[in-house]
Amino acid sequence: MMLPYLIRSRIALFALTTFGWCAALSAQSPSMAPPVALEKLEGKTILLFTPHPDDDAFCCAGTLALLAKRKNNIHIFLYTNDDKGSYDPDMTSERLARIRKAEEETASRLIGIPKENLHWMQFHDGMLEYAAPRDLVEQVTKSIRTYRPDLVMLIDPGSTVVRWHKTDHRMAANNTMDAIRAAEWHLYFPNQRLHDGLQPWHVPMEAFYYVTPADANYWVNIDEVLDLKLDAAAAHVSQWEPSIRKYRADWDPKELEAMKQKLKARAVKKDGHYVEAFRLGTGFSQQ
Ligand SMILES: [Zn+2]
């Protein structure tokens, strides 16, 4: 769920985050040469943590589609069920959560991730900040130690300052980073080793998404999967006008086409290619 819910803002954020503000980037951020090109990973275990069921599509559907094609084992962890973001006066939170879950399953299937790989943490939309902080870190630490990922993708907490003002985004960013840190030290949550046999795990690589122009240091060319990405974004029907104001489960074909054209027109390219921007990291800040 984005803020605000209006389609105009959604398209703007989609364009900015999905395609990474890339036109403005090249002069500011030196490209980082990762140990292996992110999109070339093959047969690896990848965890993506998303605050809401749609951020993963907006930020990374192209990259995820490329990674799924290369037989990576991708698991999506969804912090919240996104059960608040509708202007429809007849909508209920329970119904909205069911709708958002089905939309996420459709979007994920389109890019090659089965619904069995979606892990719903079941916090309510906007309420992540009020969860017990220790429990929240422990839960994600356990997921990391269980799957022992080669790569974790997470919302960027900001490289030097905390940049998010939207509660779930801020929380998902910081909590996931805190869990990555805890996961490699055996004395954090020792119960996980004693009771569950889970060993510490050092996450070798992070790909932060929703990056600022100054923080981006890696861009994935998504030319070949751009249409898939647009389809995945469109699968979140209830996030868009007119469904967000009066729910309908499907698109009017003309409105769908118009929405896709708007997204495409605003898509920023880098070196003539559609891209998704990331900040790649190889550890956590000790500062
Ligand atoms: Zn969100």
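The values are calculated or read from the model by the stated rules, or taken from the named source; none is laboratory data. For clarity, every value in this text was computed on a predicted model and none was experimentally measured. Here Cβ is always computed from backbone atoms with ideal geometry, including for glycine, and neighbour counts include all displayed protein chains. In case anyone asks, the SASA skips ligands and DNA or RNA and just uses the protein heavy atoms, side chains included. Shrake-Rupley method; radii C 1.70, N 1.55, O 1.52, S 1.80 Å.
Assorted remarks:
- Scope the stretch 137-172; condition open to solvent by less than 10 Å² (accessible area, probe 1.4 Å) and more than 16 Å from the ligand (Cβ to nearest atom); matching residues: VAL140, THR141, ILE144, ARG145, PRO149, LEU151, VAL152
- Screening GLY126 against (1) part of a loop (DSSP other than H, G, I, E, B); (2) under 27 Å from GLY62 (Cβ atoms) leaves a single unmet condition, (2).
- Verdict on THR176 being within 16 Å of the ligand (Cβ to nearest atom), modelled with pLDDT of 95 or more, polar (S, T, N, Q) and closer than 20 Å to PRO53 by Cβ: yes
- When PRO53, PRO34 are screened for being open to solvent by less than 30 Å² (accessible area, probe 1.4 Å), in a loop (DSSP other than H, G, I, E, B), modelled with pLDDT under 95 and not aromatic (Phe, Trp, Tyr), only PRO34 passes.
- Test: ASP82 is within 25 Å of PHE278 (Cβ to Cβ), of a type in the set (Asp, Glu) and touching a Lys or Arg at 6+ places or on another chain (Cβ under 6 Å): yes
- Residues that are within 12 Å of the ligand (Cβ to nearest atom) and among the basic types (Lys, Arg) within the stretch 44-55 are absent altogether.
- Index of the failed condition, THR176 passing every other in (1) under 22 Å from TRP201 (Cβ atoms); (2) assigned to a helix (DSSP H, G or I); (3) open to solvent by 20 Å² or more (accessible area, probe 1.4 Å): (3)
- Once the stretch 56-103 is narrowed to residues that are among the acidic types (Asp, Glu) and more than 16 Å from the ligand (Cβ to nearest atom), the residue that is surrounded by the fewest Cβ atoms within 10 Å (Cβ to Cβ) is ASP90.
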